[in-house]
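Participant: Here it is, the structure in full.
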Amino acid sequence: MTRYATALASATAPLALMIAAPALAQSAVAPSTNAQQGTAQTPGVQRSTAPSETGQTRAAATPVVTSYPAAAAGDGATTGGYNLSRWAEDWRVMRDPAKRDDPLDRLKYLPLDDDGDIYLTLSGEARLRVNMTSNPNLRETPHQRQDIRRLTAGADLHVGPHLRFYGEVAHGGISGRNLGAPAATLRNDLVWQQYFVEGNTTLGDVTIGARYGRQEFTDGPNLLVSQRDNNTIRYTLNGLRAWARGSKWRIDAFDMRPTAYGDLGTDDDVNDPARRFSGVTFGVVLPEKLLGESKLYLDPFVWRRRNKVGAWGGRIGPATRWYAGARLWGDAGPLTIDWSVNHQWGRYINQDIDAWQAFFAQIYRLGKSPTSPRIGFHVDYASGGGGYGDGKLRDAYAPFGNNIYYSYQLSLTPSNLIAVAPNVTFSPARKLRVTAEYQLTWRDNTRDAVYRANGQPFAGTQNVRDAKIANLTRAQVVWTISPRLSFTGRYEHLAAGPSLTKAGYRSSDFLAGWLSFRF
């Protein structure tokens with residue numbers, strides 16, 4: 001046996017339950033009639049130019065010379081060593097004992113051979129959260145309280161520089177008042193949230209690699225693809241992702257099926273046989289002198305989503321939707337931008353699909369310090385029409401995007417939607433950050449419905465001819481108590497407009513707070 005093989009045989013024993021027990025071939029699950037494969041209606045997060053799913057603003061993208069910038073490689077941003085996808089973290093710095101501040105730092109780098117080329121990184125999170133919602137689902141009903149618990153544990157085994165195994169388990173619990181039937185993404189005894197094998201090598205100046213198994217996927221605009229950290233159990237897919245990366249360019253190809261979660265244990269979390277997501281995403285590092293001193297990236301993409309049980313206007317049937325678009329994002333001096341446009345086409349039952357989405361977010365920093373105040377706004381468009389059978393289907397659709405960007409309580413989604421929202425972010429104290437936003441929203445097509453984040457329409461809104469949906473006042477407070485411990489609070493008031501009130505819906509208030517510890 002080689003040195004790597006010997007060490008691997010001994011090291012994988014504690015990981016056996018993490019990366020070997022689940023079967024990727026699982027696929028037996030009853031199809032859902034939910035076109036969006038949405039989640040239960042609980043609040044979430046904003047995309048990268050606004051507060052992110054951990055309450056952090058996107059770190060400035062910093063290109064490097066010899067490889068494609070990690071911040072732009074499609075695995076999310078890493079801030080203070082931490083990433084939403086824990087496998088995207090690099091803790092090799094903890095090889096140096098002088099860099100370790102406490103015993104938990106030792107868990108980030110556990111060498112399993114004399115040279116330290118084979119090592120294990122352990123990670124975990126505990127999150128306690130409370131959500132309070134008046135008029136849940138915008139109906140005049142008693143308030144809802146959700147007491148939500150999340151526990152996760154992960155292990156990342158690196159076998160030399162070219163091979164790794166990752167496994168992650170999670171538990172989600174919920175109790176409270178007026179809960180209805182919580183989704184499996186909120187209540188789940190135990191789930192194999194992620195498990196995959198990854199390999200890479202270098203050919204000349206190009207790095208090529210592949211990852212196979214259950215994994216989070218965030219390679220694209222956050223409003224289209226996201227881990228949905230707002231949920232207790234995050235959104236994952238099963239299949240293959242492969243890439244090639246140079247110093248100024250990259251290409252990623254993937255073919256995956258979403259995970260259809262059960263709520264009892266690990267045996268009922270299977271690959272969804274009704275849905276499939278595949279495509280190619282490109283990336284280019286733009287010249288640093290393009291807009292003065294800038295760090296900008298252009299990410300064109302072509303994707304396809306197939307759904308055997310798509311649902312629009314009370315009809316259920318097969319849908320194939322193509323996406324072609326591009327994202328321009330990054331920093332130009334004090335300005336941070338995140339702009340993307342995509343066209344969608346294909347076929348839904350007997351309708352041709354012809355839809356558009358355009359998202360433009362920008363924030364300007366008022367000073368040179370990272371904690372300087374920021375002012376910004378976002379303008380977003382998602383076409384609508386045809387959801388109830390009148391000609392082409394022009395309702396835009398996000399495959400599995402960031403559901404709380406338009407409403408913390410998940411009352412809106414980028415389908416048949418126009419939104420304009422100015423915002424401001426400031427830090428009244430060194431470890432405290434506050435963001436406030438006021439959002440105005442309308443329908444693009446008044447003969448189509450208002451759609452919520454799980455893809456379902458607000459019933460009856462398709463019969464109302466007013467365009468105005470709602471105005472939303474929102475605020476978020478993030479207190480970084482320590483690098484591992486943080487508190488986040490959110491408030492939203494949704495003032496329902498005539499598109500909703502004339503169909504019997506009401507205004508709503510939402511308040512949430514959670515304490516998160518991770519290592």
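Participant: Expressed as a rounded percentage, what relative contact order does segment 171-286 have, with Cα pairs under 8 Å and six or more residues apart? Mind showing how you got there, number by number?
Facilitator: Numbers: 245 pairs, mean separation 27.6, N = 116.
Relative contact order for segment 171-286 comes out at 24 percent.
Participant: Between the alpha-carbon centers of segment 373-450 and segment 101-159, tell me the distance in whole angstrom.
Facilitator: If we compute the Cα centre of each part, the gap is 28 Å.
Participant: Where in segment 234-273 is the amide nitrogen less than 11 Å from a point lying 7 Å along the Cα-to-Cβ axis of residue 189?
Facilitator: Answer for this model: 263-268.
Participant: Still on this structure, please answer the following. In whole percent, what relative contact order does the chain give with Cα contacts below 8 Å and a gap of six or more residues?
Facilitator: On the way: 1457 pairs, mean separation 73.3, N = 519.
The normalised contact order for the chain reaches 14 percent.
Participant: Using only the Cα atoms of segment 251-367, construct the convex hull and provide its projected area averaged over every direction, in square nanometres to one decimal. Write out the running numbers ahead of the final one.
Facilitator: Values: hull surface 43.9 nm².
Over every viewing direction, the Cα hull of segment 251-367 projects on average to 11.0 nm².
Participant: Which FRET efficiency value, to the nearest 0.05, do you get for residue 315 and residue 266 by plugging their Cβ-Cβ distance into 1/(1 + (r/R0)^6) with R0 = 35 Å? Intermediate values should be presented prior to the final figure.
Facilitator: Details: r = 35 Å, r/R0 = 0.99.
According to the calculation, E is roughly 0.50.
Participant: Let me ask you something else. At residue 438 and residue 473, where each label point lies 7 Å from the Cα along Cα→Cβ, what is the point-to-point distance in nanometres?
Facilitator: 0.9
Participant: Most exposed first by the Cβ proxy, i.e. fewest other Cβ within 10 Å, how do 132, 256 rank?
Facilitator: Working: 132 17, 256 21.
Ascending number of Cβ neighbours within 10 Å: 132, 256.
Participant: What lysines sit close enough to residue 308 to cross-link, taking a C-alpha to C-alpha distance under 25 Å and skipping anything fewer than 8 places away on the same chain?
Facilitator: 392
Participant: Related question: How long, wide and thick is the chain, going by the Cα atoms along their three principal axes, in whole angstroms, largest first?
Facilitator: Cα spread of the chain along its principal axes, largest to smallest: 71, 55, 46 Å.
Participant: Follow-up question, since we're still on this one. Between residue 426 and residue 369, 0.36 nm times their residue separation minus their Cα-Cα distance comes to what? Numbers along the way, then the final one.
Facilitator: Working: separation 57, 0.36 × 57 = 20.52 nm, distance 1.15 nm.
Contour length minus the Cα-Cα distance gives 19.4 nm.
Participant: Between residue 463 and residue 247, what is the spin-label point distance in nm, taking each point 7 Å from the Cα along the Cα→C-beta axis?
Facilitator: Computed distance between label sites residue 463 and residue 247 equals 6.5 nm.
Participant: Order these by the 10 Å Cβ neighbour count, fewest first: 82, 348. Numbers along the way, then the final one.
Facilitator: On the way: 82 18, 348 24.
With the fewest neighbours first, 82, 348 line up as 82, 348.
Participant: Length gain on complete extension for the stretch residue 255 to residue 201, per 0.36 nm per residue less the alpha carbon to alpha carbon distance?
Facilitator: 17.4 nm is the gain from fully extending residue 255 to residue 201.
Participant: Sequence neighbours fewer than 8 away in the same chain don't count; with that in mind, list the aspartates and glutamates whose C-alpha is under 16 Å from residue 502.
Facilitator: 140, 448, 466
Participant: Continuing with this model, one more query. Given the rule -39500 (n - 2.57) for each run of at least 4 DSSP H residues, summed and divided by the residues of the chain, what is its mean residue ellipticity at 222 nm, to the nearest 500 deg cm²/dmol?
Facilitator: -1000 deg cm²/dmol
Participant: Simple spin-label model, 7 Å along Cα-to-Cβ: residue 115 to residue 128 in nm?
Facilitator: 4.6
Participant: Between residue 341 and residue 306, 0.36 nm times their residue separation minus their Cα-Cα distance comes to what?
Facilitator: Details: separation 35, 0.36 × 35 = 12.60 nm, distance 2.06 nm.
Length gained, residue 341 through residue 306: 10.5 nm.
Participant: OK, next. Ranking 304, 490 by Cβ neighbours within 10 Å, fewest first, what do you get? Show your work: numbers first, answer last.
Facilitator: Details: 304 16, 490 24.
Arranged by neighbour count, lowest to highest, 304, 490 become 304, 490.
All of the numbers you see were taken from the coordinates with simple rules; none came from a lab. A quick note: this is a predicted structure, and the numbers were derived from the prediction, not measured. Every residue, glycine as well, gets a Cβ built from its backbone with ideal geometry; the counts of neighbours run over all protein chains shown.
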